[in-house]
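Visitor: Following this message is one structure expressed as structure tokens.
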Amino acid sequence: MIKSLLASTIAFILFLTTVYAQEPSVRDVRETLMGDLQYVMGLVAQDGSVSREFDTSGSLRGQVLVGLMAANLHIGLGDPQSLDLLDRVADRVNYRIESEDGVDLGFDSERFSDFENHITHLLAADFLSTHYGLTKDLRSRSNLLSLAESLEKRVGWTPATSKAAYLLQSSRISRITGGAPLTKDVQESIREYTQHYTDIIEFSARGGLEGLTTSLSKLSLLIKAAREAGLEVPDELVALWSVHIDYVVNQTRSMPITPENYPSLISSLMALVGAAENNHLEYSKVAADYALELCGSIAKMWRAGDRILFLPANVLNVYPLDPKVTVEEIVTEARKGGRILVTDLRFPTALLILERYVELPRELSSALPLAISKVSVKNGYYQLFEEGSLRSEEFVNRLWRVNFLATYLALQRAPAAQIRNETVDVLLFRHPTFIIVLTLLLSLAFARRAGLLRW
């Protein structure tokens, strides 16, 4: 009896040891991000400018990309050093936008191609939205609104690039970092989305599944932000949100689950997980249930045992994040329908959010610690992209990793369960492939179909 009890105890201890060995160490993750902070500090001069070695062209796009890494490092680390770096880069970016150095507000000159100017607008607006959410800096708010107005002037109003979209993101960032919701900004956003109700429908109809998933993500963010601020969203917008859930579910169900379709599948998954976050609304369960089903299918492509597999991503989801890839090269590859292989971190992020609403089977719940453990390389970086596919390989790999690990650290650092629930959203609404790049892809596609962009 005693021997049997002892054997059982030893077996249990060994089981626990195995389980906890797979759990990511907060200290290891923090040390990894501190290494990334030292790396990005080496790219920035005291005046906030970026080294020419990093970006030989001195583009505003390169400067903003460094700023985005600094912003995410501050979300994860929450330390004065990363904040100082972030503020220095933001000051420089604000100055360049105000003097139209590297960007053409209004798209009314021939200094840049429409495509290059469009990318710069999107990246800069995303960065300033993040900086405003973190610091409440009114200069950043003013300039991000100027960028959004410029985009609207060129391509018309869209839910992805509207002033409301960026202000809602700022409010989300404020909540993620423990601050209050930006109530006045959320009020403005509700008014703007209500006024452009038919434009949202048109955007979704013209954009296909990508348009539907983008609109659903933005409507979910609006509803979530309004609830946090104690505000009501008009019934017609809530109904439109429900209709978008149905359309995304139905169109995704008809799609074969293959690596070739992975870019569309992961977009649908992330949009449905965002909808599931609004669990005060009954229809969120439809989104959550199908998201869980879809996760089970995607998991078979995403991993094999303890290996994370490469999956295809559209070049527009990656190349704009590399300042050494020229606009001409991006356009050429995009026209060819180019793909790049990536270890995609959106999937474990989706699981992290979803597990708060539905019970995940073991094969799904283990994906998050696997991903964190894999990318937490203290010296150097983990190869997330196919080797040789990027010119600024180290930077883009670190940028992708920083967004993911910063989310995890912010989650662990959160002082209360309520803040914990808000923090977990960060990759859904801020991961480069969703706020920057999916927005870029959809707005470019929309503008091209409307004949508004010159490539």
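Visitor: Looking at S373, is it within 22 Å of the chain's Cα centre (by Cα), modelled with pLDDT under 95 and in a helix (DSSP H, G or I)?
Guide: yes
Visitor: Please count how many residues of segment 222-237 are of a type outside the set (D, E) and more than 23 Å from the chain's Cα centre (by Cα).
Guide: 5
Visitor: Please name all residue pairs, on different chains or six or more residues apart, with Cβ atoms under 8 Å, provided the first residue is in segment 142-153 and is over 11 Å from S129 (Cα atoms) and the second residue is crowded, with 17+ Cβ neighbours inside 10 Å and basic (K, R).
Guide: Cβ pairs passing all conditions: E149/K163; E152/K163.
Visitor: So, one more: I75 fails exactly one of the following numbered conditions: (1) assigned to a helix (DSSP H, G or I); (2) at pLDDT 95 or above. What is the number of that condition?
Guide: So I75 meets the others, but not (2).
Quick grid of which residues meet (1) at pLDDT 95 or above; (2) aromatic (F, W, Y); (3) closer than 15 Å to K374 by Cβ:
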site: S297; (1), (2), (3): yes, no, no
site: M301; (1), (2), (3): yes, no, no
site: A304; (1), (2), (3): yes, no, yes
site: N317; (1), (2), (3): no, no, no
site: R335; (1), (2), (3): no, no, no
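Visitor: Those residues that are in a helix (DSSP H, G or I) and touching a residue at least 60 places away in the same chain (Cβ under 8 Å), I need them from segment 169-185; list them, please.
Guide: Q169, R172, I173, R175, I176
Visitor: Continuing with this model, one more query. Can you tell me which of S215, S220, S284, S268 is crowded, with 18+ Cβ neighbours inside 10 Å, more than 30 Å from F115 (Cβ to Cβ), small (G, A, S) and modelled with pLDDT of 95 or more? Outline the logic, then answer.
Guide: Numbers: S215 fails: more than 30 Å from F115 (Cβ to Cβ); S220 fails: more than 30 Å from F115 (Cβ to Cβ); S268 fails: more than 30 Å from F115 (Cβ to Cβ).
Being crowded, with 18+ Cβ neighbours inside 10 Å, more than 30 Å from F115 (Cβ to Cβ), small (G, A, S) and modelled with pLDDT of 95 or more holds for just one of S215, S220, S284, S268, which is S284.
Visitor: Where residues in segment 349-367 are free of Cβ contacts under 8 Å to residues at least 40 places away in the same chain and assigned to a helix (DSSP H, G or I), which of them is farthest from the chain's Cα centre (by Cα)?
Guide: Step one: list which residues in segment 349-367 are free of Cβ contacts under 8 Å to residues at least 40 places away in the same chain, which gives 355, 359, 362, 365.
Keeping just the survivors that are assigned to a helix (DSSP H, G or I) gives 362, 365.
Details: R362: 26, S365: 21 Å.
Of everything passing the filter in segment 349-367, R362 is farthest from the chain's Cα centre (by Cα).
Visitor: If we scan segment 230-237, do we find a residue that is surrounded by 15 or more Cβ atoms within 10 Å (Cβ to Cβ), in contact with a Ser or Thr (Cβ under 7 Å, 6 or more places away or on another chain) and part of a helix (DSSP H, G or I)?
Guide: Scanning segment 230-237 turns up at least one residue that is surrounded by 15 or more Cβ atoms within 10 Å (Cβ to Cβ), in contact with a Ser or Thr (Cβ under 7 Å, 6 or more places away or on another chain) and part of a helix (DSSP H, G or I).
Visitor: Look through K324, K285 and report the one residue that is assigned to a loop (DSSP other than H, G, I, E, B) and basic (K, R).
Guide: K324
Visitor: In the list I201, I245, which residue meets the criterion of being farther than 30 Å from L309 by Cβ and of a type in the set (V, I, T)?
Guide: I201
Visitor: Please go through segment 94-131 and pick out each residue that is of a type in the set (F, W, Y) and closer than 21 Å to G156 by Cα.
Guide: F107, F112, F115
Visitor: Within 23 Å of the chain's Cα centre (by Cα), surrounded by fewer than 24 Cβ atoms within 10 Å (Cβ to Cβ) and free of Cβ contacts under 8 Å to residues at least 60 places away in the same chain: does that describe D104? Give the derivation first.
Guide: Working: within 23 Å of the chain's Cα centre (by Cα): no; surrounded by fewer than 24 Cβ atoms within 10 Å (Cβ to Cβ): yes; free of Cβ contacts under 8 Å to residues at least 60 places away in the same chain: yes.
So D104 fails the test.
Visitor: Could you list, ordered by first residue, the pairs with Cβ atoms under 7 Å in which the first is in segment 192-215 and free of Cβ contacts under 8 Å to residues at least 40 places away in the same chain and the second is of a type in the set (K, R), at least 6 apart or interchain?
Guide: The qualifying pairs are E192/K163.
Visitor: Also, quick follow-up: Look at segment 375-399 and say how many of its residues are touching a Lys or Arg at 6+ places or on another chain (Cβ under 9 Å), closer than 18 Å to F310 by Cβ and not hydroxyl-bearing (S, T, Y).
Guide: 4
Visitor: Within segment 27-48, can one find any residue that is over 18 Å from the mean Cα position of the chain (by Cα), assigned to a helix (DSSP H, G or I) and within 23 Å of L151 (Cα to Cα)?
Guide: No, every residue in segment 27-48 fails to be over 18 Å from the mean Cα position of the chain (by Cα), assigned to a helix (DSSP H, G or I) and within 23 Å of L151 (Cα to Cα).
The values are calculated or read from the model by the stated rules, or taken from the named source; none is laboratory data. The structure presented is a predicted model; accordingly, all values stated were derived computationally and were not measured. Note that each Cβ is placed from the backbone with ideal geometry, even for glycine, and that neighbours are counted across all protein chains shown.
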